[in-house]
Amino acid sequence: MLKIETVEHLPLDEIDTVAFAGGGNRCWWQGGLISYLMDQGWQLPGTLIGTSAGAAVAASCLTDGPKAALDACLRLYAANQRIVDWGQLRSLKMQFAHQEIYPEWLRSFVHVGNFEQIRQSPSRLHVAITRPARLLGVSGSVVAGTLAYVADKYLWHSIHPRLPKLLGLRQEFHAIHEAAGHEDAQSLLSAAAAAPPFMSSRRIHGAYAIDGGYIDNAPIPQQSDADKSRTLVLLTRFYPKLPTMFRREGRWYWQPSMRVPVSTWDCTARATVKEAFSLGNGDAVDALNRGKIRL
């Protein structure tokens, strides 16, 4: 069991790397948190890391901002009445609304009009994807990754699981500013959130890629001890036995103050994404008012 160190003060002004965990709609907690901090004058560090919807929230910070991304999400969800199109069952298919909504949402804040902002930004976003295990293929890797996720979540309560890599799944990081253009950047972000059957796998550089969370929901590349000491991980899953802010293996962690009040996969008008955003906003306000962070 790795030692968890409770911290009373998080020196944000000394952080060089921020990692955005995935988690679907739970990532709006990150959006609310970062939005408030940026409004207070906090500057994004030089390195951002993310996967799944966490990578998308990080990308929005480099373009139009999390609030604009939230507004786009609300518009898309408001126009959608169901998660699954059951009419497709006649042809033995299940059509999930995420297949259309998620790429459309990405296009709202990563597009030809602002991709140059990403390229010129002093903050570099590295997006984590999962490469399927060679012996399992895409479908087998999805099953293996899902079982590993369940085991880690309910049995071992791991923050950074080891089982997926032991099963042959491979993790890669791709810098979004190195994408050939806005469409390739959109494809990379879609691949990082590709969790079949909700969203199909994508080809990145000629090979299939799936959601980075199948290996690690809070992905971090190899780091030196010095780099770890300047890294902050923004979790979206609530660990009730852990403090809101803590250190583990030298890194800093910040988790929601309570379970994020939103369904991970809901993409309809009923989704409480505004409440998730508000929780992040409130957690940032509380931390700043109580002197727990230094901008």
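The values are calculated or read from the model by the stated rules, or taken from the named source; none is laboratory data. Note that the structure is a prediction, hence the values are computed from the model and not measured. Backbone-built Cβ (ideal geometry, glycine too); neighbour counts: all protein chains shown. The protein model used for the area step is the full one, side chains on, heavy atoms only, and it has no ligands, DNA or RNA in it. Shrake-Rupley method; radii C 1.70, N 1.55, O 1.52, S 1.80 Å.
Values for this structure:
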item: At most 14 other Cβ within 10 Å, DSSP loop - GluC sites (Glu not before Pro), segment 160-233; result: none
item: Portion, in percent, of the accessible area of segment 1-122 that falls on carbon or sulfur, probe 1.4 Å; result: 50 percent
item: Protein-only accessible surface order, largest first, of SER190, SER224 at 1.4 Å; result: SER224, SER190
item: Where the chain is the region considered: accessible area per residue in Å², 1.4 Å probe; result: 46 Å²
item: Peptide ranges 22-29, 207-214, 55-62, 102-109 listed from the most packed, as the mean C-beta count within 10 angstrom indicates; result: 22-29, 55-62, 207-214, 102-109
item: Value at 222 nm in deg cm²/dmol, rounded to 500, when DSSP H runs of n ≥ 4 in the chain each add -39,500 (n - 2.57); result: -10500 deg cm²/dmol
item: Restraint check, LYS67/LYS292; LYS241/LYS292; LYS67/LYS241; LYS241/LYS274, Cα-Cα greater than 22 Å; result: LYS67/LYS292; LYS67/LYS241; LYS241/LYS274
item: Candidates GLN255, GLN99, GLN223: whichever shows maximal mean-square fluctuation once the chain is modelled as a Gaussian network with Cα springs under 10 Å; result: GLN223
item: Segment 228-294 - percent of accessible surface contributed by carbon and sulfur, probe 1.4 Å; result: 50 percent
item: Packing-based ranking, highest mean first, of 35-46, 225-236 given that Cβ atoms within 10 Å are counted; result: 225-236, 35-46
item: Fraction of antiparallel bridges per DSSP, the chain only, in percent to nearest 5; result: 55 percent
item: Computed lengthening from LYS67 to ALA226, 0.36 nm per intervening residue step minus Cα-Cα distance; result: 53.9 nm
item: Whether the chain is rounded, prolate or oblate, judged on the alpha carbon gyration tensor where a/c under 1.5 counts as rounded; result: rounded
